[in-house]
Amino acid sequence: MYLMIWLKRLFKLFLFGMISGLILIVGFYFYIKDELPTEEVIRDVRFQIPMKVYTADGELISQFGEKRRIPLHYKELPQTLIDALLATEDSRFYHHYGIDPIGVLRAAFDTIILGKRTRGASTITMQFARNAFLTLDRTVIRKVKEIYIAIHIEQLLSKEEILSLYFNKTFFGNRAYGAGAAAQVYYGKDLDQLTLAQIATIAGLPKAPSNYNPLRYPERAKQRRNIVLSRMLTVGAIDRATYEDAIAQPITAKHHGAKITAYAPYVAEDVRKKMVEKYGLEQAYTEGFNVY
C-alpha cells in the first residue's frame, strides 16, 4: 500500500521534472533564438591572416599582423592530428549532434562519485561555438547559448567542415591561431612534416594554451602530450609500440618566427604605410594581403 503511494508520488515528481525541463528548454530557445548565427555567418568566419611583404621574386621581407594563421582545407589535415583531437576531446564526435548525452553523464558521474572533474562534457562543436561566437564567461546563459549554437552548427555543417573550422580558428598559444600556424610557430614545419609526438603536443594545446605552452612549460606540455598519446592508445588510434616510441621523445618545440629572407625594413615600412592608407589598419593587417 505504502509502496504504491510512494511510487505514484515518485512518478508524479518525475513527470513534473520532465515537463518543467521541456518548458525550460523551449523557453531558453525562444530567448536566444534571435542570437543564433546564420549559416552565412558560420561559414564566413574571418581568419584574420597577416599581411606579408615580398620581393618581386618571392623572398619574404616582412610580416604585419598580430595573429598568425595558415588556413588549411580538411584534406590537408593529417589523420594523426584528427585522431589525437578526437581521442582527447570528443571520442564520440561522429555519433552526436552537437551535444553528447553520454559525455555529460560521464562528467556528472566523475564529479559526484569521484568528487572531481576528470573529463569535460563539451564536444568539439561546443568548443568551436564558444571560441567563435561567445565569451569565456562561466554563466548558465552562456552555456545554454553554447549548446544551442552547437546544435545549430551541426544542422548546417558537415563533420568535416566543423573539424576544418575548429583547426583553423582555435587558439594554440604564442599568437598562433589554427593548427597550421602552431606547427610553424613551434616547429618551423608544415603539419604533415611533424612527428606523432609533435602532433600530440599541438593537439593538447587547445585545452589550456597558456598552461601547456611547450616553450614556457615543457614539463607540463610533456605531461599533456602523454595524456593525448594515452587516449590515442586507448581508442585504438595507435598501437603499443608507436605509443612507447612517442612518449620517449623529448619536447622539441622552439620559437620560430616568420622566416625573413630579404632584409629591407625601410621598404617594408613604406609598404605597410601605403597599405594602411589604402585599406585601413584592421583590413591591411587581417585580410591576408601578399604584397610584392
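The values are calculated or read from the model by the stated rules, or taken from the named source; none is laboratory data. As the structure is a computational prediction, the values presented were derived from the model and not from experiment. All Cβ positions, even for glycine, are placed from backbone atoms using ideal geometry, and neighbour counts span all protein chains on display. SASA here: full protein model, heavy atoms, side chains in, ligands and nucleic acids out. Shrake-Rupley method; radii C 1.70, N 1.55, O 1.52, S 1.80 Å.
Show the residue pairs that are 6+ apart or on different chains and have beta-carbon atoms under 6 Å apart, the first residue being within the stretch 183-205 and touching a residue at least 40 places away in the same chain (Cβ under 8 Å), the second being aromatic (Phe, Trp, Tyr) and not in a helix (DSSP H, G or I).
Sorted first by the residue in the stretch 183-205, then by its partner, the pairs are 204/212.
Which one is most open to solvent (accessible area, probe 1.4 Å) among residues in the stretch 124-182 that are in a loop (DSSP other than H, G, I, E, B) and of a type in the set (D, E, K, R)?
Out of the qualifying residues, it is 138.
What number of residues in the stretch 248-289 are crowded, with 16+ Cβ neighbours inside 10 Å and not in a loop (DSSP other than H, G, I, E, B)?
9
Give the stretch 201-220 a look and list any residue that's crowded, with 24+ Cβ neighbours inside 10 Å and among the small types (Gly, Ala, Ser), or say none.
Of everything in the stretch 201-220, those that are crowded, with 24+ Cβ neighbours inside 10 Å and among the small types (Gly, Ala, Ser) turn out to be 203, 204.
Select from the stretch 65-86 the residues that are open to solvent by less than 30 Å² (accessible area, probe 1.4 Å) and over 14 Å from the mean Cα position of the chain (by Cα) and write down the one among them that is modelled with the lowest pLDDT.
Applying the filter and picking the extreme gives 65.
Among the residues of the stretch 228-246, which ones are surrounded by 16 or more Cβ atoms within 10 Å (Cβ to Cβ) and not hydroxyl-bearing (Ser, Thr, Tyr)?
Listed by number, the residues that qualify are 228, 229, 231, 232, 233, 237, 238, 246.
If you go through the stretch 186-195, how many residues are over 20 Å from residue 82 (Cβ atoms) and surrounded by 15 or more Cβ atoms within 10 Å (Cβ to Cβ)?
Number satisfying all stated conditions: 0.
Suppose we filter the stretch 201-220 for residues that are over 18 Å from the mean Cα position of the chain (by Cα) and assigned to a helix (DSSP H, G or I); how many remain? Give the derivation first.
Residues of the stretch 201-220 over 18 Å from the mean Cα position of the chain (by Cα): 215-220.
Those still in the list that are assigned to a helix (DSSP H, G or I) too: 218-220.
Here the count works out to 3.
Within the stretch 54-64, restricting attention to residues that are of a type in the set (Gly, Ala, Ser) and open to solvent by less than 70 Å² (accessible area, probe 1.4 Å), which residue is farthest from residue 165 (Cα to Cα)?
Applying the filter and picking the extreme gives 58.
Let me confirm something: among 223, 198, which residue is modelled with pLDDT of 90 or more, open to solvent by 30 Å² or more (accessible area, probe 1.4 Å) and part of a helix (DSSP H, G or I)?
Matching residue, one of 223, 198: 223.
Give me the pairs, please: first residue somewhere in the stretch 239-257 and closer than 11 Å to residue 174 by Cβ and in contact (Cβ under 8 Å) with a residue 40 or more places away in the chain, second residue anywhere and of a type outside the set (Val, Ile, Thr) and part of a loop (DSSP other than H, G, I, E, B), beta-carbon distance under 6 Å, and either six or more positions apart or on two chains.
That search, which allows pairs on different chains as well, returns 253/214; 253/215; 255/215; 256/188.
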